[in-house]
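Undergrad: Okay, handing you the structure first.
The values are calculated or read from the model by the stated rules, or taken from the named source; none is laboratory data. Quick caveat: nothing in here was measured; it's all calculated off a predicted structure. Because the Cβ atoms are built from the backbone with ideal geometry, glycine has one as well, and the counts that use them run over all protein chains shown.
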Ligand code: 13P
Ligand code: ZN
(Lines give C-alpha, C1' and ligand atoms only; values in the text may rest on other atoms or scores of the structure.)
(Ligands and ions follow the chains in the order given, each with its own letter.)
Protein backbone atom coordinates (compact mmCIF):
# COMPACT_ATOMS: atom_id res chain seq x y z
CA UNK A 1 0.00 0.00 0.00
CA UNK A 2 1.17 3.55 -0.79
CA UNK A 3 1.92 5.52 2.40
CA UNK A 4 -0.53 8.29 1.50
CA UNK A 5 -3.36 5.76 1.07
CA UNK A 6 -3.09 4.48 4.67
CA UNK A 7 -5.87 5.61 7.03
CA UNK A 8 -3.47 6.60 9.83
CA UNK A 9 -1.61 8.89 7.42
CA UNK A 10 -4.89 10.49 6.28
CA UNK A 11 -5.89 11.03 9.93
CA UNK A 12 -2.50 12.58 10.70
CA UNK A 13 -2.72 14.97 7.73
CA UNK A 14 -6.28 15.97 8.65
CA UNK A 15 -5.16 16.81 12.19
CA UNK A 16 -2.37 19.04 10.83
CA UNK A 17 -4.87 21.04 8.76
CA UNK A 18 -7.42 21.14 11.61
CA UNK A 19 -4.77 22.65 13.89
CA UNK A 20 -3.82 25.18 11.22
CA UNK A 21 -7.49 26.19 10.84
CA UNK A 22 -7.72 26.77 14.60
CA UNK A 23 -4.86 29.29 14.36
CA UNK A 24 -2.54 27.20 16.52
CA UNK A 25 0.30 26.91 13.97
CA UNK A 26 1.75 30.24 12.87
CA UNK A 27 4.69 29.73 10.50
CA UNK A 28 6.34 26.40 11.48
CA UNK A 29 4.89 26.50 15.02
CA UNK A 30 3.81 23.21 16.52
CA UNK A 31 4.41 19.57 15.61
CA UNK A 32 2.71 16.17 15.67
CA UNK A 33 3.87 12.58 16.10
CA UNK A 34 2.10 9.22 15.93
CA UNK A 35 3.45 5.85 17.14
CA UNK A 36 2.54 3.39 14.39
CA UNK A 37 0.90 0.02 15.01
CA UNK A 38 2.76 -3.12 13.82
CA UNK A 39 0.12 -3.77 11.17
CA UNK A 40 0.44 -0.18 9.91
CA UNK A 41 4.21 -0.60 9.57
CA UNK A 42 3.68 -3.90 7.73
CA UNK A 43 1.14 -2.30 5.37
CA UNK A 44 3.48 0.46 4.14
CA UNK A 45 7.05 -0.83 4.69
CA UNK A 46 7.46 -1.74 0.99
CA UNK A 47 7.92 2.03 0.45
CA UNK A 48 10.71 2.45 3.00
CA UNK A 49 14.13 3.69 1.89
CA UNK A 50 16.19 3.95 5.10
CA UNK A 51 18.43 7.00 5.54
CA UNK A 52 21.36 7.41 7.91
CA UNK A 53 21.08 6.78 11.65
CA UNK A 54 21.14 10.07 13.60
CA UNK A 55 21.30 10.85 17.33
CA UNK A 56 17.92 11.56 18.96
CA UNK A 57 19.62 13.70 21.63
CA UNK A 58 18.09 11.71 24.46
CA UNK A 59 17.54 8.08 25.34
CA UNK A 60 14.19 6.27 24.85
CA UNK A 61 14.89 2.53 25.36
CA UNK A 62 11.16 1.93 25.85
CA UNK A 63 10.63 2.83 22.19
CA UNK A 64 13.30 0.54 20.68
CA UNK A 65 12.31 -0.57 17.17
CA UNK A 66 9.17 1.62 17.03
CA UNK A 67 8.15 3.64 13.95
CA UNK A 68 6.75 7.17 14.15
CA UNK A 69 4.94 9.38 11.67
CA UNK A 70 6.15 12.89 12.51
CA UNK A 71 6.14 16.45 11.14
CA UNK A 72 9.42 17.87 9.83
CA UNK A 73 11.36 20.62 11.56
CA UNK A 74 10.68 24.04 10.03
CA UNK A 75 7.71 22.70 8.04
CA UNK A 76 4.41 24.59 8.06
CA UNK A 77 1.26 22.73 9.19
CA UNK A 78 -0.70 24.56 6.47
CA UNK A 79 1.48 22.91 3.83
CA UNK A 80 1.14 19.33 5.12
CA UNK A 81 -2.06 18.48 3.15
CA UNK A 82 -0.59 20.06 -0.02
CA UNK A 83 2.72 18.19 0.04
CA UNK A 84 2.91 15.52 2.75
CA UNK A 85 5.96 13.83 1.21
CA UNK A 86 7.92 17.07 1.72
CA UNK A 87 6.60 18.01 5.17
CA UNK A 88 6.23 14.77 7.16
CA UNK A 89 8.30 11.62 7.66
CA UNK A 90 8.27 8.10 9.01
CA UNK A 91 11.19 7.59 11.40
CA UNK A 92 12.46 4.31 12.86
CA UNK A 93 14.03 4.14 16.34
CA UNK A 94 17.10 1.88 16.77
CA UNK A 95 17.32 -1.05 19.18
CA UNK A 96 19.06 1.02 21.87
CA UNK A 97 16.56 3.90 21.73
CA UNK A 98 19.41 6.34 21.06
CA UNK A 99 19.16 6.94 17.30
CA UNK A 100 16.53 7.37 14.59
CA UNK A 101 16.55 7.16 10.80
CA UNK A 102 14.05 8.54 8.30
CA UNK A 103 12.62 5.71 6.18
CA UNK A 104 9.99 7.65 4.21
CA UNK A 105 9.09 11.31 3.51
CA UNK A 106 10.99 14.61 3.87
CA UNK A 107 11.78 14.05 0.18
CA UNK A 108 13.59 17.38 -0.11
CA UNK A 109 15.72 16.74 2.98
CA UNK A 110 15.40 17.93 6.56
CA UNK A 111 14.79 16.22 9.84
CA UNK A 112 11.92 15.46 12.21
CA UNK A 113 10.67 18.29 14.45
CA UNK A 114 13.20 19.93 16.77
CA UNK A 115 10.85 18.82 19.56
CA UNK A 116 11.41 15.14 18.66
CA UNK A 117 13.16 14.54 22.05
CA UNK A 118 10.05 15.83 23.90
CA UNK A 119 7.69 13.88 21.66
CA UNK A 120 9.64 10.64 22.11
CA UNK A 121 10.13 10.98 25.87
CA UNK A 122 6.38 11.69 26.21
CA UNK A 123 5.57 8.66 24.02
CA UNK A 124 7.87 6.50 26.15
CA UNK A 125 6.15 7.55 29.39
CA UNK A 126 2.64 7.19 27.95
CA UNK A 127 3.30 3.81 26.29
CA UNK A 128 4.51 2.43 29.64
CA UNK A 129 1.32 3.66 31.37
CA UNK A 130 -1.04 2.39 28.64
CA UNK A 131 0.04 1.10 25.20
CA UNK A 132 -3.12 2.60 23.67
CA UNK A 133 -1.43 6.05 23.82
CA UNK A 134 -0.16 6.79 20.29
CA UNK A 135 -0.41 10.54 19.65
CA UNK A 136 1.65 13.46 20.98
CA UNK A 137 0.64 16.93 19.76
CA UNK A 138 2.32 20.30 20.32
CA UNK A 139 0.79 23.64 19.31
CA UNK A 140 0.85 27.36 20.09
CA UNK A 141 -2.74 28.29 21.13
CA UNK A 142 -3.04 32.00 21.96
CA UNK A 143 -5.39 31.92 24.98
CA UNK A 144 -3.51 29.22 26.89
CA UNK A 145 -0.24 31.04 26.24
CA UNK A 146 -1.79 34.35 27.38
CA UNK A 147 -2.78 32.79 30.70
CA UNK A 148 0.86 31.86 31.40
CA UNK A 149 1.53 35.60 31.86
CA UNK A 150 -1.15 36.16 34.50
CA UNK A 151 -1.78 32.93 36.42
CA UNK A 152 0.83 31.46 38.76
CA UNK A 153 2.73 28.70 36.92
CA UNK A 154 1.23 26.05 39.17
CA UNK A 155 -0.54 22.81 38.11
CA UNK A 156 -3.16 23.28 40.83
CA UNK A 157 -4.15 26.79 39.77
CA UNK A 158 -4.21 26.10 36.00
CA UNK A 159 -6.23 22.91 36.44
CA UNK A 160 -8.79 24.41 38.80
CA UNK A 161 -9.26 27.66 36.83
CA UNK A 162 -9.66 25.78 33.53
CA UNK A 163 -12.01 23.19 35.08
CA UNK A 164 -14.23 26.03 36.32
CA UNK A 165 -14.64 27.50 32.82
CA UNK A 166 -16.65 24.63 31.32
CA UNK A 167 -18.52 21.76 32.99
CA UNK A 168 -17.13 19.23 30.50
CA UNK A 169 -13.50 20.05 31.41
CA UNK A 170 -13.09 17.86 34.52
CA UNK A 171 -14.64 14.99 32.57
CA UNK A 172 -12.33 15.50 29.54
CA UNK A 173 -9.12 16.01 31.57
CA UNK A 174 -9.85 14.59 35.05
CA UNK A 175 -6.17 14.06 35.89
CA UNK A 176 -5.53 17.81 35.48
CA UNK A 177 -2.88 19.84 33.67
CA UNK A 178 0.84 20.23 34.31
CA UNK A 179 2.81 23.44 33.81
CA UNK A 180 6.46 23.66 32.74
CA UNK A 181 8.12 27.01 33.59
CA UNK A 182 9.83 28.82 30.71
CA UNK A 183 12.70 26.72 29.35
CA UNK A 184 14.75 26.68 26.16
CA UNK A 185 12.73 24.55 23.69
CA UNK A 186 14.06 21.76 21.49
CA UNK A 187 16.42 20.05 23.87
CA UNK A 188 16.67 17.24 26.38
CA UNK A 189 16.02 19.34 29.53
CA UNK A 190 12.55 20.50 28.47
CA UNK A 191 11.83 16.96 27.24
CA UNK A 192 12.70 15.55 30.68
CA UNK A 193 10.55 18.17 32.46
CA UNK A 194 7.57 17.56 30.14
CA UNK A 195 7.73 13.77 30.23
CA UNK A 196 7.87 13.91 34.04
CA UNK A 197 4.50 15.74 34.00
CA UNK A 198 3.14 13.25 31.45
CA UNK A 199 3.44 10.55 34.13
CA UNK A 200 0.49 12.28 35.83
CA UNK A 201 -1.27 14.34 33.15
CA UNK A 202 -2.30 14.14 29.48
CA UNK A 203 -1.69 17.88 29.03
CA UNK A 204 1.40 19.97 29.72
CA UNK A 205 1.55 23.72 29.21
CA UNK A 206 4.88 25.31 28.32
CA UNK A 207 4.93 28.81 29.83
CA UNK A 208 5.03 31.59 27.21
CA UNK A 209 5.27 28.98 24.44
CA UNK A 210 2.43 26.48 23.96
CA UNK A 211 0.95 23.17 24.94
CA UNK A 212 1.53 19.41 24.62
CA UNK A 213 -1.29 16.86 24.62
CA UNK A 214 -1.23 13.05 24.61
CA UNK A 215 -3.97 10.66 23.56
CA UNK A 216 -4.98 7.27 22.18
CA UNK A 217 -5.93 8.58 18.72
CA UNK A 218 -6.15 11.75 16.61
CA UNK A 219 -9.76 12.58 17.59
CA UNK A 220 -9.13 12.28 21.33
CA UNK A 221 -5.87 14.21 21.24
CA UNK A 222 -7.18 17.02 19.03
CA UNK A 223 -10.40 17.13 21.10
CA UNK A 224 -8.38 17.40 24.31
CA UNK A 225 -6.29 20.28 22.96
CA UNK A 226 -9.44 21.98 21.66
CA UNK A 227 -11.24 21.62 25.01
CA UNK A 228 -8.35 23.06 27.03
CA UNK A 229 -7.86 25.98 24.65
CA UNK A 230 -11.62 26.73 24.55
CA UNK A 231 -11.64 26.80 28.32
CA UNK A 232 -8.60 29.12 28.29
CA UNK A 233 -10.46 31.40 25.87
CA UNK A 234 -13.41 31.66 28.28
CA UNK A 235 -11.04 32.41 31.17
CA UNK A 236 -9.32 35.14 29.14
CA UNK A 237 -12.75 36.68 28.46
CA UNK A 238 -13.73 36.49 32.15
CA UNK A 239 -10.42 38.00 33.32
CA UNK A 240 -10.77 40.73 30.67
CA UNK A 241 -14.11 41.74 32.24
CA UNK A 242 -13.33 41.35 35.92
CA UNK A 243 -10.87 39.89 38.42
CA UNK A 244 -13.83 38.67 40.46
CA UNK A 245 -16.21 35.85 39.44
CA UNK A 246 -19.73 36.52 40.73
CA UNK A 247 -20.43 32.75 40.70
CA UNK A 248 -18.57 29.63 39.61
CA UNK A 249 -18.55 25.82 39.99
CA UNK A 250 -17.76 24.95 43.63
CA UNK A 251 -15.64 22.03 44.98
CA UNK A 252 -18.69 20.05 46.12
CA UNK A 253 -20.28 20.52 42.72
CA UNK A 254 -17.13 19.06 41.09
CA UNK A 255 -17.38 16.12 43.52
CA UNK A 256 -21.02 15.55 42.49
CA UNK A 257 -20.04 15.75 38.81
CA UNK A 258 -17.22 13.22 39.36
CA UNK A 259 -19.66 10.78 40.96
CA UNK A 260 -22.23 10.93 38.16
CA UNK A 261 -19.68 10.93 35.32
CA UNK A 262 -17.53 8.19 36.89
CA UNK A 263 -14.27 10.15 36.92
CA UNK A 264 -11.79 10.57 39.75
CA UNK A 265 -10.89 14.20 40.45
CA UNK A 266 -7.80 14.52 42.67
CA UNK A 267 -8.66 16.41 45.86
CA UNK A 268 -5.53 18.60 45.48
CA UNK A 269 -7.43 20.58 42.80
CA UNK A 270 -10.58 21.02 44.92
CA UNK A 271 -9.04 23.38 47.47
CA UNK A 272 -11.04 26.10 49.21
CA UNK A 273 -10.30 29.59 47.87
CA UNK A 274 -10.03 32.69 50.09
P1 LIG B 1 9.73 22.59 14.53
O2 LIG B 1 9.50 23.38 13.25
O3 LIG B 1 11.15 22.13 14.65
O4 LIG B 1 8.72 21.48 14.67
O5 LIG B 1 9.53 23.59 15.76
C6 LIG B 1 8.32 24.26 15.96
C7 LIG B 1 8.04 24.49 17.41
O8 LIG B 1 6.89 24.70 17.77
C9 LIG B 1 9.15 24.46 18.38
O10 LIG B 1 8.68 24.42 19.69
ZN1 ZN C 1 6.63 25.18 19.90
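Undergrad: Suppose we filter the stretch 263-274 for residues that are touching a helix residue (DSSP H, G or I) at 6+ places or on another chain (Cβ under 9 Å) and in a loop (DSSP other than H, G, I, E, B); how many remain?
TA: Qualifying residue count for the region: 8.
Undergrad: Inside the stretch 183-197, can you point out the residues that are under 19 Å from residue 213 (Cβ atoms), more than 11 Å from ligand 1 (Cβ to nearest atom) and out of contact with any helix residue (DSSP H, G or I) (no Cβ under 6 Å at 6 or more places or on another chain)?
TA: Those that are under 19 Å from residue 213 (Cβ atoms), more than 11 Å from ligand 1 (Cβ to nearest atom) and out of contact with any helix residue (DSSP H, G or I) (no Cβ under 6 Å at 6 or more places or on another chain): 192, 193, 196, 197.
Undergrad: Considering only the stretch 1-16, state which residues are surrounded by fewer than 16 Cβ atoms within 10 Å (Cβ to Cβ) and in contact (Cβ under 8 Å) with a residue 12 or more places away in the chain.
TA: If the condition is that a residue be surrounded by fewer than 16 Cβ atoms within 10 Å (Cβ to Cβ) and in contact (Cβ under 8 Å) with a residue 12 or more places away in the chain, then 1, 2, 4, 14 are the ones that fit.
Undergrad: Can you find, within the stretch 218-270, the residue that is surrounded by the fewest Cβ atoms within 10 Å (Cβ to Cβ) among those that are touching a strand residue (DSSP E or B) at 6+ places or on another chain (Cβ under 8 Å) and closer than 22 Å to residue 150 by Cβ?
TA: My answer is 229.
Undergrad: So, of the residues in the stretch 199-217 that are under 18 Å from residue 148 (Cβ atoms) and outside any loop (DSSP other than H, G, I, E, B), which turns out to be nearest to ligand 1 (Cβ to nearest atom)?
TA: That would be 210.
Undergrad: Being within 26 Å of residue 4 (Cβ to Cβ) and either surrounded by fewer than 24 Cβ atoms within 10 Å (Cβ to Cβ) or within 14 Å of ligand 1 (Cβ to nearest atom) (or both) is the filter here, so list the residues in the stretch 135-154 that pass it.
TA: If the condition is that a residue be within 26 Å of residue 4 (Cβ to Cβ) and either surrounded by fewer than 24 Cβ atoms within 10 Å (Cβ to Cβ) or within 14 Å of ligand 1 (Cβ to nearest atom) (or both), then 136, 137, 138, 139 are the ones that fit.
Undergrad: Taking only pairs six or more apart or across chains, which ones have beta-carbon atoms under 7 Å, a first residue in the stretch 30-51 that is without any contact (Cβ under 8 Å) to a residue 40 or more places away in the chain and over 30 Å from residue 206 (Cα atoms), and a second residue that is away from ligand 2 (no atom under 16 Å from the Cβ) and assigned to a helix (DSSP H, G or I)?
TA: Listed pairs, sorted by first residue: 40/8.
Undergrad: Find all pairs meeting these conditions: Cβ atoms under 9 angstrom apart; at least six residues apart or on different chains; first residue within the stretch 209-235 and under 18 Å from residue 198 (Cβ atoms) and modelled with pLDDT under 95; second residue within 16 Å of ligand 2 (Cβ to nearest atom) and not in a helix (DSSP H, G or I).
TA: Pairs found: none.
Undergrad: When you go through 202, 155 one by one, which is the residue that is closer than 30 Å to residue 55 by Cα, in contact (Cβ under 8 Å) with a residue 24 or more places away in the chain and in contact with a strand residue (DSSP E or B) (Cβ under 8 Å, 6 or more places away or on another chain)?
TA: When all the criteria are applied, what remains is 202.
Undergrad: So which residues in the stretch 177-198 are under 13 Å from residue 148 (Cα atoms), buried (at least 18 other Cβ atoms within 10 Å of the Cβ) and within 15 Å of ligand 2 (Cβ to nearest atom), if there are any at all?
TA: Result: 180, single match.
Undergrad: Given the conditions (1) crowded, with 22+ Cβ neighbours inside 10 Å; (2) away from ligand 1 (no atom under 14 Å from the Cβ); (3) within 16 Å of the chain's Cα centre (by Cα), report the number of the one that residue 102 does not fulfil.
TA: (3)
Undergrad: Go through the stretch 17-35 and count every residue that is near ligand 1 (Cβ under 9 Å from one of its atoms), buried (at least 20 other Cβ atoms within 10 Å of the Cβ) and assigned to a loop (DSSP other than H, G, I, E, B).
TA: Number of matching residues: 2.
Undergrad: What single numbered condition from (1) within 14 Å of ligand 1 (Cβ to nearest atom); (2) in a loop (DSSP other than H, G, I, E, B); (3) touching a helix residue (DSSP H, G or I) at 6+ places or on another chain (Cβ under 8 Å); (4) in contact (Cβ under 8 Å) with a residue 60 or more places away in the chain fails to hold for residue 114?
TA: Failing condition for residue 114: (3).
Undergrad: Scan the stretch 41-62 residue by residue and report those that are within 22 Å of the chain's Cα centre (by Cα) and either part of a loop (DSSP other than H, G, I, E, B) or surrounded by 21 or more Cβ atoms within 10 Å (Cβ to Cβ) (or both).
TA: Residues satisfying the conditions are 56, 57, 58, 59, 60.
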